[in-house]
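See below for the structure under consideration.
The values are calculated or read from the model by the stated rules, or taken from the named source; none is laboratory data. None of the values given here were measured: they were computed from a predicted structure. In this analysis, Cβ positions are derived from the backbone assuming ideal geometry, glycine residues included, and neighbour counts consider all displayed protein chains. These area figures cover heavy atoms from the full protein model, side chains too; ligands, DNA and RNA do not enter into them. Shrake-Rupley method; radii C 1.70, N 1.55, O 1.52, S 1.80 Å.
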Amino acid sequence: MEGLIKKLDKNISAMVQISMLHIFQIGLKYGIFTRLTEDKSYNDILNLISFGNKPLLKELLDTYVKLGVLKREGERLLMDEFSYTVRLSPESAPYIIPGWVSIFEEIYRMIDYASITPEHPKILMDFDKDADFWDMRLSLEFNSIYRKIIAKAGNLKDEMRVLDLGCGSVSPIEIGQFLGPNGKYVGVDFSPGILSIAESRVKGAGFDWVTLRELDIRKAVPRNRYDAVIMSFVLEYIDSIGRVIKTAMNALESGGRLIIVEPFKENYPNICAWEFFEKLTKEFNSFPTKSAILGALENSPHEFKLKELGNSVLIITKL
Amino acid sequence: MYIDPFVIRSINRSELRKRILLYLNEIYPSSTYLAEIARVVKSDPSNVKGALIGLGNRYNGSSSLVSLGLVEIVERDGFKYYRLTDYGKKVVELLKSYHLYYSRFM
């Protein structure tokens, strides 16, 4: 388990580092840093840079400010002194999984298309229209790593009942396999495209204990009780974390576990570089903070016990 | 193994290329010759050759199954045989998984 946790955390750190390099590259490619030496106002900069999609450019400039690359002084936007070191050590290198790098490269390329128009057909980040690309992302070894962590942390086995909020197209198989033939897996997702891919796999595997529901998890009101509720890489698309955490806790049996996997913002400095690219998905908000989740738990009427695994996994046991 | 999503979508839109891949997947890891593929997929050998390796102006060589790395040519006793690559096998698996999803757009 410790090895899996390290693998998860180190790959997330590498994702943030690579995103940092790419966000710098965008600034160089579009001459943004050059313009910033010309003592122009924020609005002048927005107009001068050849980036048709001005809201995206604004997002980019705001991200540079958050990262400390640029600073705002009144109406002016200035370059700040900034340096960044990429850390790769003999200790961390063996944990890095190469598979996700190509997917990230594909997403970085989409920024060029998004700079023309947010509706460009080569942007593949829509959950429904681009469910095939999302499935390729969700099928990566990196994603299987955290599913293995979830299975171990939840001690998932036959006869257990599991609710997966924002299940995607791969978890119904990879998590569902632990629960059959006498258990129950209920996967909820709002994308019919993603669910249709999941359904064809579930049917092919003959997992009749797996049920999929097309639903916005913000509106879900589970009627049944579960031994475990899973939320992996989903809270970043939710604007009302408190409500969803409450729903998840309500759905748990006493002694049941809520398992959350997220790159908690406190633990990953500069994660806003990665967030910039994820914002190509219109539902993306922001990766959650651990403190927001704790706040939501404390506001829910249930007693709980919390355990942290590394920098990206929380196990909440309902008492 | 990274699979270009645009390659999958492009193959899905081309019925002949899809049929060729599905047949080569059926006989995988064996290889077969052009005329046999044409017979099974019920198409003209020149069309099949175009889909496999490109043919003049009618079939763009850069989007042929061999150029995309989905099919490889095996030369034996002076004859050419065609076989699905590991990458091609992975693409076929995805095409099957996405069949229901893609059918929404047809």
Worksheet item: Using Cα atoms only, what is the angle between the long axis of helix A:290-299 and the major principal axis of chain A, expressed in degrees (0 to 90) to the nearest 10?
Response: 50 degrees
Practice prompt. For the protein assembly as shown, report the accessible area per residue in Å² (1.4 Å probe, heavy atoms, rounded to an integer).
Written response: 46 Å²
Practice prompt. Would you mind pulling out the separation of the Cα centroids of region B:1-48 and region A:144-206, in Å?
Written response: 32 Å
Discussion item. For the interface of A with B, what's the total buried accessible surface in square angstrom, probe 1.4 angstrom, rounded to the nearest hundred?
Written reply: 1500 Å²
Worksheet entry | Whole-Hz ³J(HN,Hα) from phi, Karplus 6.51 cos²θ - 1.76 cosθ + 1.60, for region B:36-46, glycine and proline x | 5, 4, 4, 5, 5, 8, 6, 9, 6, x, 5
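Would you mind finding the longest exposed-site-free stretch of chain B, with exposed trypsin sites (Lys or Arg not before Pro) meaning DSSP loop and at most 10 other Cβ atoms within 10 Å?
Details: sites that count: B:Lys42, B:Arg58.
By the stated rule (loop sites, at most 10 other Cβ atoms within 10 Å), B:59-106.
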Worksheet entry | Share of carbon and sulfur in the accessible heavy-atom surface of region B:5-103 [1.4 Å probe, %] | 50 percent
Discussion item. On C-alpha positions alone, give me the angle between the axis of helix A:54-67 and the longest principal axis of chain A, in degrees, nearest 10.
Written reply: 80 degrees
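Express as a percent, rounded to the nearest 5, the fraction of DSSP beta bridges in the protein assembly as shown (both residues included) that run antiparallel.
If I count the DSSP bridges inside the protein assembly as shown, around 55 percent turn out antiparallel.
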Discussion item. What's the longest uninterrupted piece of chain A once you rule out the trypsin sites (Lys or Arg not before Pro) that are loop residues per DSSP with at most 10 other Cβ within 10 Å?
Written reply: A:88-222
Worksheet entry | Folded to 0 to 90 degrees: helix A:99-116 orientation relative to chain A principal axis, Cα | 50 degrees
Worksheet item: What range in chain A is the longest one free of GluC sites (Glu not before Pro) that are in a loop by DSSP and have at most 16 other Cβ atoms within 10 angstrom?
Response: A:160-282
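Explain nothing, just the number: relative contact order of chain B, from Cα pairs under 8 Å at least 6 residues apart, as a whole percent.
26 percent
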Response to the item:
Rh_Kirkwood(region A:2-97) over Cα pairs, Å, one decimal, evaluates to 15.1 Å
Practice prompt. Let me have the relative contact order for region A:2-97, percent, based on Cα pairs under 8 Å that are six or more residues apart.
Written response: 33 percent
Practice prompt. Could you run the Debye sum over the Cα atoms of the protein assembly as shown, one equal point scatterer each and no solvent, and tell me log10 of I(q)/I(0) at q = 0.06, 0.14 Å⁻¹, two decimals?
Written response: -0.31, -1.29
